[in-house]
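Inspection log for the structure reproduced underneath, given as structure tokens.
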Amino acid sequence: MNPLTHEPLNILGIETSCDETSVAVVRDGREILSNLVASQMDLHAKFGGVVPEVASRKHVELLNPVLHEALAEAQVGFDDVDAIAVTHGPGLIGSLLVGVCAAKALGYVHRKPVLPINHLEGHIYANFLVHEDIEFPFVCLIVSGGHTDLILMREHGIYEVLGRTRDDAAGEAFDKVARVLGLGFPGGPAIQKAAEGGNPHAIRFPRADMGATLDFSFAGLKTSVMRFMQGLPTPETRHLRASDVPLSDIAASFQQAVVDVLVRNLMSAAERFRVSTVALAGGVAANRCLRATATAAAHAAGLRLLIPPIALCTDNAAMIAEAGYFHFLRGERGDLDFDTFAVLPLLSPS
Amino acid sequence: MLVIETSGNTCGVAVSVDGCVQAVRYLEDRSSLSQRIMGLVDETLQAASCAVHDLNGIAVSLGPGSWTGLRIGVTTAKALAQGLRVPLVGVPTFDAAARRMRHAPDQRLFIVAPCRKGEVYVAAYARGQKVQSEYIAKTDDLIQQLREAEGPIALCGDAADELQKALSYQANVGGTFAYYVLVGAADIAHARLTQGDADDLFAVKPIYLAPSQAERVMGVRIE
């Protein structure tokens, strides 16, 4: 609710950081009036990965009709919008520019504040869309195709990075291993499907231990799977041959190795920083194995675990609008000359 | 009407009345285009003493030219038109530049813009008609063609300086390319809007002329 007028507060969210064109309207930080996502996944699958130039071109074609639909579905006009929240990084620059330029033009025409939002912050705020009673501080694991970050959130807008991947992001590891296993793109859903009914303990793929840090590494795991598939010996798999192991077991074992490391660090962070709540966010948080393993671990440790519904884990504009809502409540009004960033650390305001 | 040109090295915004440009503002540094574009629009509107809600049309230069620049211009124009609920007209950049350019009856006008290294975007006009549609030429091939051309030629665009070097006589018309584009686009768009001939907002997209590198390398074509 708008603290001054006591009218409902509507935030228009725009997200074009990668290959999803998404526009949403969120009311009072609670109610998703619309959250449209036009995915280009089928196009990029032809290339085995996201092609930045193709993604940028598609955003130009898709953004205006998606915006039209999102407002129509929400039954909201521009006059009813209080602010526009738009992802300005991290992401593909050419893609980000489309959302940012559209947001600025709309903000200018309708004299609405345009709030630049960090995509990672948006992922965390997917949790606030579904829970009103989140207690600070909490630790959030953001896992996606581009990121694997452990974040301590002390307050709204106050973040501390506790750990991050030193090489591949978890989602990237899924994509690369899926390619090796001949499962196609995107790798996360493909491996999850291939792992169904497989034995996650069939092969003990390595789990990188980054010493006292809460960092991650998936390059060694990826290499181990590659060597295994090529029939080369590895310390973990020397008595097994790829041809003797069902694909479902290989996929399940790889998936479990990724998930074990993710959950291990999340639990370590919770213990080290004495929080009682942990959260998942990002596209890889849609993975059923991660959701189940994290749920069991949190239960055993007596922690509250927050996981957004799957539609809010993958890239969407409702989470951007949600983060924008809290920026707006803090009095941020933005201007129209902000930049876009391929790399944009999640920083607290100084 | 608001007119936007972002295909070239210098970007420009103009406000026109009945197809005649009343105010123009330029941005020389294209690297800050996405940050500056709304400021540029605002300054131009102020210079023309025009409020944004007084606009009853948006015209945008579609390219060819810088892909990123075009996306910024086209996206901004589309969002302005959608937000204001006014008609949008997309104008091919080279048609706009050629529109009001005076040249002798026997003279051939080549509009040229830089593409990848060793290549240029080019289109040709004679007697006010387009005689060669936009395509990507090897710079060396185009130089050869210009040298062998019968009759005088005129060159205009961001690649004109480079091509001028290969010619023995002065062909480059000089001036600010963005200005020619804005003036011509205002004229063309006004003529079209007077006929009720606006574009479908959702269908307007830049003229790229070439697929992405990935599509070329992998032989995949995205429509």
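Numbers at a glance
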quantity	calculated
Elements of type strands (runs of 3 or more DSSP E) in the range B:97-165, at least 2 residues being without any contact (Cβ under 8 Å) to a residue 40 or more places away in the chain	B:119-126, B:129-138
Qualifying residue in the range A:278-288 (condition: surrounded by fewer than 24 Cβ atoms within 10 Å (Cβ to Cβ) and modelled with pLDDT of 95 or more)	yes
Set A:THR295, A:THR277: member being without any contact (Cβ under 8 Å) to a residue 60 or more places away in the chain and among the hydroxyl-bearing types (Ser, Thr, Tyr)	A:THR295
Options A:VAL100, A:VAL81, A:VAL23; residue that is of a type in the set (A, V, I, L, M), surrounded by 22 or more Cβ atoms within 10 Å (Cβ to Cβ) and touching a Leu at 6+ places or on another chain (Cβ under 6 Å)	A:VAL23
Conditions (1) closer than 27 Å to B:GLY73 by Cα; (2) at pLDDT below 95; (3) touching an Asp or Glu at 6+ places or on another chain (Cβ under 8 Å): number failed by B:PRO152	(1)
Selection from the range A:216-253 of residues that are in contact (Cβ under 8 Å) with a residue 24 or more places away in the chain and touching a Pro at 6+ places or on another chain (Cβ under 7 Å)	A:LEU221, A:GLU236, A:ALA252, A:SER253
Criterion violated by B:LEU62 - all others in (1) among the aliphatic types (A, V, I, L, M); (2) more than 12 Å from chain A (Cβ to nearest Cβ); (3) touching a Leu at 6+ places or on another chain (Cβ under 8 Å); (4) closer than 23 Å to B:LEU155 by Cβ satisfied	(2)
Sole residue being in contact with a Gly (Cβ under 9 Å, 6 or more places away or on another chain) and under 17 Å from B:ALA186 (Cα atoms), chosen from B:VAL3, B:VAL15, B:VAL41	B:VAL3
Leading residue by the ranking (farthest from B:ASP187 (Cα to Cα)) among those in the range B:27-36 that are surrounded by 15 or more Cβ atoms within 10 Å (Cβ to Cβ) and more than 10 Å from every other protein chain (Cβ to nearest Cβ)	B:ARG30
Selection from the range A:83-109 of residues that are within 17 Å of A:PHE328 (Cα to Cα) and of a type in the set (Val, Ile, Thr)	A:ILE84, A:VAL86, A:THR87
Cβ pairs under 9 Å, 6+ apart, first in the range B:37-59 and surrounded by fewer than 19 Cβ atoms within 10 Å (Cβ to Cβ), second aromatic (Phe, Trp, Tyr) and modelled with pLDDT of 95 or more	B:ASP42/A:TYR108; B:VAL52/A:TYR108
When residues of the range A:26-46 are limited to those that are surrounded by fewer than 18 Cβ atoms within 10 Å (Cβ to Cβ) and among the basic types (Lys, Arg), the one farthest from B:ARG216 (Cα to Cα)	A:ARG30
Condition check for B:ILE222: modelled with pLDDT under 95, within 24 Å of B:ILE72 (Cα to Cα), surrounded by 13 or more Cβ atoms within 10 Å (Cβ to Cβ) and within 14 Å of another protein chain (Cβ to nearest Cβ)	yes
Extreme residue, modelled with the highest pLDDT, among residues of the range B:89-137 that are more than 15 Å from the chain's Cα centre (by Cα) and of a type in the set (Asp, Glu)	B:GLU119
Qualifying residue in the range A:309-330 (condition: in a loop (DSSP other than H, G, I, E, B), farther than 15 Å from A:SER144 by Cβ and more than 22 Å from the chain's Cα centre (by Cα))	yes
Selection within the range B:166-208 - outside any helix (DSSP H, G or I), without any contact (Cβ under 8 Å) to a residue 12 or more places away in the chain and either within 14 Å of chain A (Cβ to nearest Cβ) or under 14 Å from the mean Cα position of the chain (by Cα) (or both)	B:ASP200
Selection count where residues are of a type in the set (A, V, I, L, M), loosely packed, with under 15 Cβ neighbours inside 10 Å and within 14 Å of chain B (Cβ to nearest Cβ), scope the range A:289-346	1
Matching residues in the range A:5-25 - criterion: being touching a residue at least 40 places away in the same chain (Cβ under 8 Å), out of contact with any Ser or Thr (no Cβ under 9 Å at 6 or more places or on another chain) and among the β-branched types (Val, Ile, Thr)	A:ILE11
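The values are calculated or read from the model by the stated rules, or taken from the named source; none is laboratory data. Because the structure is a prediction, the values reported are computed rather than measured. Reconstructed Cβ throughout: ideal geometry from the backbone, glycine too, with neighbour counts over all protein chains shown.
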